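Novice: Handing you a structure now.
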Ligand code: MN
Ligand code: MN
């Protein structure tokens, strides 16, 4: 049996970096594990890997007969399609507990922190394995990304302390400036096909039998969407019909103003009002202070479908 570590579908920087950092740690303690991914790299992740000299993990979507560690999720919907034919060896995550289960005992490291890589740093400390400089660099970037440069309500003191320790190892003087550099890469959306944007950071959730798709684009200025908002909305409607979804949401998150404009297509016209008690103004729904899908968007929706 070959063992792999893989993050969620439509991988973000946390999933990609988590796989690389976890695989290095396991190999360092004598357990061969191969880092893998379920999809293409985002421009942000490509920037991070280029900056610290890493290749993308192995692209691999089928795991039947393999051993698998799952990072950055625990939902069947987000995992490899044939995960039920693999041996689940462990879960390293920072989301709500999902519906993945196992047939044999497994290793679980799940903490309510801002990033999987903060949990992986705890694992390095536990095993007393030194983190190489370039791995510390990509782990730091993953944490700056997931915590939106410490602004997300998911960010904890553990994440901040972790970044301080990683910055020392990686010799990065100003982690926040590096974080800002990453979000500028993320904000360069001009010229990107609409469907690619909608699906850049997109997750499907099964909420009591209802399929709800939620995408998020985090930028430093929402003006980058001014000319394409109508196209984005039209594509959400298409995506809803194609996937038989109850609702499709796209959060346009302004990390400077610290809130999100919500684009929404749903079978329930009252969905936003029920979830956040907001009305649309001039055809726009602004969710003030909402930066985190996992903490501020998924829970209120789940309550509606409970
Ligand atoms: Mn993720
Ligand atoms: Mn994450």
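The values are calculated or read from the model by the stated rules, or taken from the named source; none is laboratory data. Note that this is a predicted model, so its numbers are computed, not measured. Cβ placement follows ideal geometry from the backbone for every residue including glycine, while neighbour counts extend to all protein chains displayed.
Novice: Identify the residue in the range 115-138 that is outside any loop (DSSP other than H, G, I, E, B) and within 12 Å of ligand 2 (Cβ to nearest atom) and, among all such residues, is surrounded by the fewest Cβ atoms within 10 Å (Cβ to Cβ).
Specialist: By that ranking, first place goes to 119.
Novice: Here's something else I'd like to know. Would you be able to say whether some residue in the range 50-60 is outside any helix (DSSP H, G or I) and closer than 20 Å to residue 105 by Cα?
Specialist: No - not one qualifying residue is present in the range 50-60.
Novice: Hey, does the range 74-83 have a residue that's within 30 Å of residue 133 (Cβ to Cβ), in contact with a strand residue (DSSP E or B) (Cβ under 9 Å, 6 or more places away or on another chain) and surrounded by 24 or more Cβ atoms within 10 Å (Cβ to Cβ)? Give the steps one after another, and end with the answer.
Specialist: Filtering the range 74-83 for residues within 30 Å of residue 133 (Cβ to Cβ) gives none.
No, the range 74-83 contains no residue that is within 30 Å of residue 133 (Cβ to Cβ), in contact with a strand residue (DSSP E or B) (Cβ under 9 Å, 6 or more places away or on another chain) and surrounded by 24 or more Cβ atoms within 10 Å (Cβ to Cβ).
Novice: Quick check, is residue 189 at negative phi, at pLDDT below 95 and surrounded by 15 or more Cβ atoms within 10 Å (Cβ to Cβ)? Outline the logic, then answer.
Specialist: On the way: at negative phi: yes; at pLDDT below 95: yes; surrounded by 15 or more Cβ atoms within 10 Å (Cβ to Cβ): yes.
Judged against the criteria, residue 189 is a match.
Novice: Still on this structure, please answer the following. Is it true that some residue in the range 164-174 is within 19 Å of the chain's Cα centre (by Cα) and either surrounded by fewer than 16 Cβ atoms within 10 Å (Cβ to Cβ) or part of a helix (DSSP H, G or I) (or both)?
Specialist: no
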